[in-house]
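See below for the structure under consideration.
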There are 2 protein chains.
Amino acid sequence: MSQDDVGVDLDTSLGYHLKQAHSVLRSAMDAALRPLGMTVPQYACLELLHQRPGLSNSELARGAFVSRQSMNVLLQSLEREQLVSRPDQSPAGRALPVQLTPLGGERLRAASAAVSSVETRMTQALNINQQQQLRDLLASCVKALSE
Amino acid sequence: MSQDDVGVDLDTSLGYHLKQAHSVLRSAMDAALRPLGMTVPQYACLELLHQRPGLSNSELARGAFVSRQSMNVLLQSLEREQLVSRPDQSPAGRALPVQLTPLGGERLRAASAAVSSVETRMTQALNINQQQQLRDLLASCVKALSE
DNA sequence: TGACTCATGTCAATATTCTGACATACCTTG
DNA sequence: CAAGGTATGTCAGAATATTGACATGAGTCA
């Protein structure tokens with residue numbers, strides 16, 4: 001296909017493969033989290049908070065690769081469900097440190113197990129070395145595009 | 001971080017690396033296409049049509065990993081801009097084969113070059129073997145999640 | 001032939017996300 | 001100290017995508 005001088009062959013394009021892999025993973029995570037009444041962005045936010053408690057809204061947004069406005073509406077819904085908490089006043093600057101509530105931690109555990117299972121399924125055909133290779137290759141792509 | 005029994009370590013998680021790489025690539029493509037007045041989904045649709053002329057709305061949707069409703073509104077805007085064309089009546093079944101117009105092909109060429117340059121930049125630190133490895137690893141992940 | 005299943009195109013309503021904008025708080029720098 | 005720059009939280013509006021639903025056309029099978 002495509003005897004073009006300049007162009008992109010979708011079967012060869014790494015970008016297309018990346019997009020496809022992301023899409024399939026997203027669908028699988030969606031399906032795994034749905035029975036738990038949780039969405040992927042919600043899970044991402046909780047997982048982020050679990051590993052780095054006290055992150056601010058903006059920091060969470062960067063970590064989840066969304067705008068801080070989107071993360072804010074997400075946090076509002078999580079607050080309504082009592083899964084996270086924010087102080088009324090900022091201890092320093094404007095940033096409000098977000099904390100996981102006990103209930104949030106509980107819900108996260110189940111979600112984390114579900115997601116972990118999906119990731120295991122995704123990489124079941126890859127050995128440890130290959131998994132590390134994939135990590136490194138992806139990191140190289142990220143680094144190259146970030147400068 | 002995370003001495004948990006069950007959980008996901010974001011620094012290790014392949015899913016997180018995948019999400020990050022996808023996000024960075026998407027931003028870079030966005031920036032590259034903006035001067036051309038084109039969005040990433042629009043480009044994806046045109047590129048798909050170039051390599052497989054006559055694809056239907058539903059087929060395009062699957063190829064671009066969006067719902068067929070989203071692809072439909074996308075096609076409507078592309079039709080309005082005279083970049084693609086659809087027959088008034090279906091030649092067989094309900095599917096309407098979409099075609100790239102000459103203008104669409106022209107616009108695609110510029111967009112394709114821009115995207116190609118982004119992809120080259122993304123993989124600049126990878127040799128041919130590594131690029132093929134990355135393709136194969138991603139394909140393995142897709143295959144594993146698709147069954 | 002008739003009933004069933006499946007894929008498609010499309011309409012409507014909803015949800016999600018983004019961009020633009022503004023005020024606030026901290027931090028430099030002159 | 002005052003001024004500019006940066007980061008943050010938040011509001012409002014627009015763009016984008018999704019789900020749900022329905023009718024149409026094609027193929028299958030009894």
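The slack between B:SER23 and B:GLN130, meaning 0.36 nm per residue of separation minus the straight C-alpha distance, is 36.4 nm. Maximal additional length on extending the A:GLU81-A:ALA110 stretch stands at 8.8 nm, based on 0.36 nm per residue less the C-alpha distance. Remark: spin-label model distance B:LYS143-A:LEU36 equals 2.9 nm, labels positioned 7 Å along the Cα→Cβ axis.
Within the listed set B:GLY37, B:GLY63, B:GLY15, the Gaussian network model of chain B (springs between alpha-carbon atoms below 10 Å) gives the highest mean-square fluctuation for B:GLY15.
Springs between Cα atoms under 10 Å define the GNM used for chain A, and in it the highest mean-square fluctuation of A:LEU33, A:LEU137, A:LEU25 occurs at A:LEU137.
Shielding by partners for peptide A:108-117, expressed as the average number of C-beta atoms from other protein chains within 10 Å of each residue's C-beta, is 3. Largest mean-square fluctuation among B:ARG80, B:ARG94, B:ARG121, in a Gaussian network model of chain B whose springs join Cα atoms under 10 Å apart, belongs to B:ARG94. The rotation axis bringing chain A onto chain B passes closest to the chain A residue reported with its distance as A:HIS22, 2, by C-beta distance in whole Å.
Here is the tail figure for chain A: Cα pairs spaced more than 27 Å apart come to 36 percent of all pairs. Farthest towards the positive end of the charge dipole of region A:14-145, among the residues A:LEU108, A:GLN76, A:LEU138, is the Cα of A:LEU138, using unit charges on the Cβ of Lys, Arg, Asp and Glu.
Read-outs throughout are calculated quantities, based only on the coordinates presented, and are distinct from any laboratory measurement. Note that the structure is a prediction, hence the values are computed from the model and not measured. Virtual Cβ from ideal backbone geometry, glycine too; neighbours counted across all protein chains shown.
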